[in-house]
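Take a look at the structure set out below.
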Amino acid sequence: MFALKAFLPLAFLFTASSCLPALKERDDSTTCGSTNYTGDEVDAAASAACSYYQSGTTAGDSTYPHTYNDYEGFTFPVSGPYLEFPILSSGEVYSGGSPGPDRVVINTSCQLAGDITHTGASGNDFVGCSGTS
Ligand SMILES: *[C@@H]1O[C@H](CO)[C@@H](O)[C@H](O)[C@H]1NC(C)=O
Ligand SMILES: *[C@@H]1O[C@H](CO)[C@@H](O)[C@H](O)[C@H]1NC(C)=O
């Protein structure tokens with residue numbers, strides 16, 4: 001009984017402060033080029049990126065998630081360092097192979113920073129998806 005009472009407040013605290021529920025409280029939907037992503041799709045990509053980062057692994061044979069240096073100078077609402085991870089127009093969570101043009105950006109504390117895309121950018125640069133500038 002004592003153990004249960006002691007555990008419950010801790011469990012609540014952990015749930016309230018962990019990144020995954022926080023991601024779901026906002027509308028994280030975005031449009032990259034002409035591709036619309038639902039908030040759930042963005043959150044799924046960000047969660048996958050977070051899991052790979054925290055376990056020190058990458059998706060399939062890819063290098064993602066990897067460091068995103070923000071050479072473009074986006075003003076993200078969370079501080080870096082940042083990681084980029086593909087988000088796919090197929091609706092599937094990226095697991096290796098061709099990354100396509102679109103990315104979610106998280107920081108290394110797994111907070112969603114924004115969404116960027118090669119669509120409409122020159123060379124290997126990125127432009128912001130809707131909501132990221
Ligand atoms: C994407 O979202 C925009 C803005 O909400 C909407 O005008 C457009 O029709 C949507 N496109 C698709 C392919 O669903
Ligand atoms: C990630 O963003 C959160 C929210 O802004 C911040 O509290 C945290 O310190 C950031 N993590 C890093 C590694 O900067």
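Details
- Estimated at 0.36 nm per residue, the fully extended path between Thr57 and Val78 surpasses their Cα-Cα distance by 5.2 nm.
- Spacing of the modelled spin labels on Thr67 and Thr31, each 7 Å from Cα toward Cβ, amounts to 3.5 nm.
- Residues in region 88-104 carry Karplus couplings, in order, of 9, 5, 5, x, 7, 7, 4, 9, x, x, 4, x, x, x, 9, 9, 9 Hz; the curve used is 6.51 cos²θ - 1.76 cosθ + 1.60 with θ = phi - 60°, and Gly or Pro positions show x.
- Placed amide H near Tyr68: partners under 5 Å, 5+ positions off or other chain: Tyr82, Leu83, Glu84
- Close amide H partners of Gly120, meaning residues 5 or more places away or on another chain with modelled amide H under 5 Å apart, do not exist here.
- Surface composition of region 25-133: carbon plus sulfur atoms contribute 46% of the solvent-accessible area (1.4 Å probe, protein chains only, all chains present).
- Probing with 1.4 Å while keeping every protein chain in the model, the per residue accessible area of region 40-130 equals 47 Å².
- The simple Förster model, with R0 at 22 Å and r as the Cβ-Cβ distance, assigns Asp40 and Ser90 a FRET efficiency of 0.95.
The values are calculated or read from the model by the stated rules, or taken from the named source; none is laboratory data. Keep in mind that what you see is a predicted model, and the values were worked out from it rather than measured. Neighbour counts run over all protein chains shown; Cβ positions are idealised from the backbone, glycine included. Remember, those area values only see protein heavy atoms, side chains included, never the ligands or the DNA or RNA. Shrake-Rupley method; radii C 1.70, N 1.55, O 1.52, S 1.80 Å.
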